[in-house]
């Protein structure tokens, strides 16, 4: 049986939740704009999360991947980057669906037109992903670095931030490994 979802509409708090609804119904409300993408949701009525940080919902609603990638590249290409819509969306995706974040980061790196943009993406979402979920993604990172010179160059632009010593050591090694 699939999970029942509850949501808090408008100004109401969790004590005035609406539901149960199916994931399909909830995602249709978000897609249509009747609910904001960050509406509070729960399957238990005990713990509430913003919808755009819940993997099941992120995978059920269309994510404007193109806009996220394009805006990150624009941030990196500008003289004075301004964090905006894409950075807020990416933060929530990193929190709720790191595998989806990985896909977006790889796309951003592939499409980065300059070292400025590449460094910005490396110092932003890639560093955040490896700081939060480095142990989960380090093997993918190492494999990608062996296959993709541009990705390897992005690794060389990272700072340690919150990475564990083991993850950081492997990142440094992957960045300097000779193909």
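The values are calculated or read from the model by the stated rules, or taken from the named source; none is laboratory data. Computed from a predicted model, the values in this text were never measured in an experiment. We place every Cβ from the backbone using ideal geometry, glycine too, and count neighbours over all the protein chains shown.
Listed here are the residues, each with its yes/no results for (1) touching a strand residue (DSSP E or B) at 6+ places or on another chain (Cβ under 8 Å); (2) in the same structural domain as residue 26 (by TED's automatic domain parsing); (3) farther than 22 Å from residue 171 by Cα; (4) touching a residue at least 24 places away in the same chain (Cβ under 8 Å).
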| position | (1), (2), (3), (4) |
| --- | --- |
| 54 | yes, yes, yes, yes |
| 71 | no, no, yes, no |
| 77 | no, no, yes, yes |
| 80 | no, no, yes, no |
| 92 | yes, no, yes, yes |
| 98 | no, no, no, yes |
| 106 | no, no, no, yes |
| 113 | no, no, yes, yes |
| 122 | no, no, no, yes |
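Quick check: is even one residue across the stretch 94-103 surrounded by fewer than 18 Cβ atoms within 10 Å (Cβ to Cβ), closer than 14 Å to residue 121 by Cβ and under 11 Å from the mean Cα position of the chain (by Cα)?
Yes, the stretch 94-103 has at least one match.
Go through (1) modelled with pLDDT under 95; (2) surrounded by fewer than 19 Cβ atoms within 10 Å (Cβ to Cβ) and name the single condition residue 143 misses.
If we test residue 143 against (1) modelled with pLDDT under 95; (2) surrounded by fewer than 19 Cβ atoms within 10 Å (Cβ to Cβ), just (1) comes out false.
Looking at the stretch 75-109, which of its residues are in contact with a helix residue (DSSP H, G or I) (Cβ under 6 Å, 6 or more places away or on another chain), in a loop (DSSP other than H, G, I, E, B) and more than 16 Å from residue 61 (Cα to Cα)?
Selection gives 81 alone.
Can we say residue 125 is within 24 Å of residue 79 (Cβ to Cβ) and in a loop (DSSP other than H, G, I, E, B)?
no
Looking only at the stretch 1-25, which residues are at pLDDT 90 or above and in contact with a helix residue (DSSP H, G or I) (Cβ under 7 Å, 6 or more places away or on another chain)?
Hits for the stretch 1-25 are 5, 7, 23.
Name the single residue that is surrounded by the fewest Cβ atoms within 10 Å (Cβ to Cβ) among those in the stretch 35-54 being under 15 Å from residue 4 (Cα atoms) and under 15 Å from the mean Cα position of the chain (by Cα).
Filtering first and then ranking leaves 54.
Residue 153 passes all but one of (1) surrounded by fewer than 20 Cβ atoms within 10 Å (Cβ to Cβ); (2) not in a helix (DSSP H, G or I); which number fails?
Result: residue 153 passes all but (2).
With respect to residue 174, determine if the residue is in a helix (DSSP H, G or I) and farther than 27 Å from residue 88 by Cα.
Here the answer is yes, as residue 174 does meet what is asked.
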